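Any read-out appearing in this document is the output of simple, stated calculations on the displayed coordinates, not a laboratory observation. This is a predicted model, so every value here is computed, not measured. Cβ atoms come from the backbone with ideal geometry, glycine included; neighbour counts cover every protein chain shown.
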Amino acid sequence: MKIAVVGGGGREHALAYKIKQSKLCDKLYCLPGNAGTSKIAKNVNIGAEDIEKIVKFARDEKIDLVVVGPENPLALGIVDELENAGIKALGPKKDAAIIEASKSFTKEFLKKYSIPTAEYETFDNFNDAKSYVQSKGAPIVVKADGLAAGKGVTVAKTEEEAVKALEDIFIKKRFGEAGNRVVIEEFLEGEEASFLVFSDGENILPMIAAQDHKPVYNNDEGPNTGGMGAYAPAPIVNEEMQQYIIENVMKRAIIGMKEEGRTYKGVLYAGLMIKNGKPYVLEFNCRFGDPETQAILPLLESDIVEIMLATVEGNLNGYSLKWKSEYSVCVVLASGGYPLSYEKGKVITGLDNVEKLDDVIVFHAGTKLDEKGNIVTNGGRVLNVVGLDEDFKEAQKKAYDAIKLINFDKMYYRTDIGNKAYKHL
Ligand code: AMP
Ligand code: GLY
């Protein structure tokens, strides 16, 4: 088969790595990919949101399966366009991708199908939203309705902070159209987990749980990022919790989407807050997580292409996933300054030495080859270093030991990725 992965981050490198292992994969493309994917696939210089060009490429090259990484093309309807052209694609259609693209849709949906989530109200103007914040007090959470690259959510510790977030959204229009509406919700105190499933529209196939680390600094301090590291399986999600999530969150969501006439095919990702032993949905994403995918996929033993095809063909019933009995710890190496401003074009050294290590995988994110053939930084999140071991502590140590070999100017990473797992092990 000819397979194309859309996107160019760490998630897409991990997808390409796993797809490449499949006996079903003869030729692999990444659009646009990065320096890492160029070693295992053919990079094609088409942006992930350039849907017209992607469809033309897939048609011209007779691609058998397109795997879509990021949310934006999904929300724009890339899967509808590919299917119209007769090309199989992994991911929900536009009407189902709304589960990530509109927080107000999703909150109403969660309520309707009795899926546990935080109490909330939706507003379309500053004054009413401000009055609501003042009546509820802090802490409180303000969320811009639409896609905002993970930056549209403010967990406000004070009323002033919440009102400032509302000003940013409604008055300064910081998120453009995504900020025509806000969801304001109750603050939930607990620990987060990410739970991903494949769904063919009716059946689900759960993956192992992971835990992301969104804030930029150690101890979850500082502003939220796309994710500074992840590990899997996350022991906070024990067997009993997993069953609860499958029955009360994932199955209800898939049944609900079908009832809404928005049949959901692809990967559904629930961002959960676990409070007093009970999971609440903070958000749904219509795709694989980043960096969760970099932690989850190295542990998957099953052929991912077989599963992806069964997902797309509505045929998941009877499948199960096989996992290695190991842990993975993925640490993100970022450009100093991220998630605010940062420089690009820094030469990365040491990757050759890391390649020689056992049980360590490096997935590239914002990297590219410069004209001299050097691998240079090309984004906020640059590399994902994954350590693998049967013992959690060893997996963490392998990742951090490997990082000591890598360097680029102003390289920054959190030094506490995985520490939260210990209290559950
Ligand atoms: P979201 O994009 O909705 O998942 O929100 C981004 C991040 O904000 C989450 O990963 C949480 O860390 C935090 N967050 C969102 N909603 C809440 C909530 N109701 N209570 C506490 N933290 C939250
Ligand atoms: N790791 C967060 C996300 O993929 O949205």
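Karplus-derived 3J(HN,Hα) values for region 404-413, using 6.51 cos²θ - 1.76 cosθ + 1.60 with θ = phi - 60°, are 4, 7, 9, 8, 8, 4, 6, 4, 9, 8 Hz; glycine and proline are entered as x.
Taking amide H as placed 1.01 Å from N in the peptide plane, the amide H of VAL5 sits under 5 Å from that of TYR29, CYS30, LEU31, VAL67, each at least 5 places away or on another chain. Rounded to the nearest 20 debye, the dipole magnitude of region 196-351 is 260 debye, with +1 charges on Lys and Arg beta carbons, -1 on Asp and Glu beta carbons, and the Cα centre as origin.
Shown in residue order for region 120-134 are the 3J(HN,Hα) couplings computed by the Karplus curve 6.51 cos²θ - 1.76 cosθ + 1.60 at θ = phi - 60°: 7, 9, 10, 9, 10, 8, 4, 5, 5, 5, 5, 4, 5, 4, 5 Hz (x for Gly and Pro).
Our Cα-only numbers for region 282-405 put the radius of gyration and Dmax at 16.9, 50 Å.
For the peptides 200-206, 335-341, 289-295, the ranking by mean Cβ contacts within 10 Å, running from highest to lowest, is 289-295, 200-206, 335-341.
Near TYR327, the amide H atoms lying under 5 Å from its own belong to ASP389, GLU390, ASP391; only residues 5 or more places off or on other chains count, and H is placed 1.01 Å from N. How large is the Rg to Rh ratio of the chain when both quantities use alpha carbon positions and Rh follows Kirkwood? In the chain, Rg relative to Rh is 0.95. Per-residue packing, averaged as other Cβ atoms within 10 Å, sorts the ranges 375-386, 2-13 into the order 2-13, 375-386, beginning with the highest.
Ranked by the mean number of other Cβ atoms within 10 Å of their residues, highest first, the peptides 323-333, 248-258, 52-62 come out as 323-333, 248-258, 52-62. With θ taken as phi - 60° and the Karplus curve 6.51 cos²θ - 1.76 cosθ + 1.60 applied, the whole-hertz 3J(HN,Hα) list for region 276-281 is 6, x, 10, x, 10, 7 Hz, x standing for glycine and proline. In the chain, helical runs assigned H by DSSP with n ≥ 4 each contribute -39500 (n - 2.57); averaged across all residues and rounded to the nearest 500, the mean residue ellipticity at 222 nm is -7500 deg cm²/dmol.
Only Cα pairs under 8 Å and at least 6 apart count here; give the relative contact order of region 1-139 as a rounded whole percent.
Reported relative contact order: 18 percent.
Using +1 on the beta carbon of Lys and Arg, -1 on that of Asp and Glu, and nothing else charged, what's the dipole of the chain about the Cα centre, debye to 20? Write out the running numbers ahead of the final one.
Working: 54 positive and 63 negative charges, 129 e Å.
So the magnitude is around 620 debye.
In summary, the lysines within cross-link reach of LYS372, defined as a Cα separation below 19 angstrom excluding same-chain residues under 8 places away, comprise LYS39, LYS344, LYS346.
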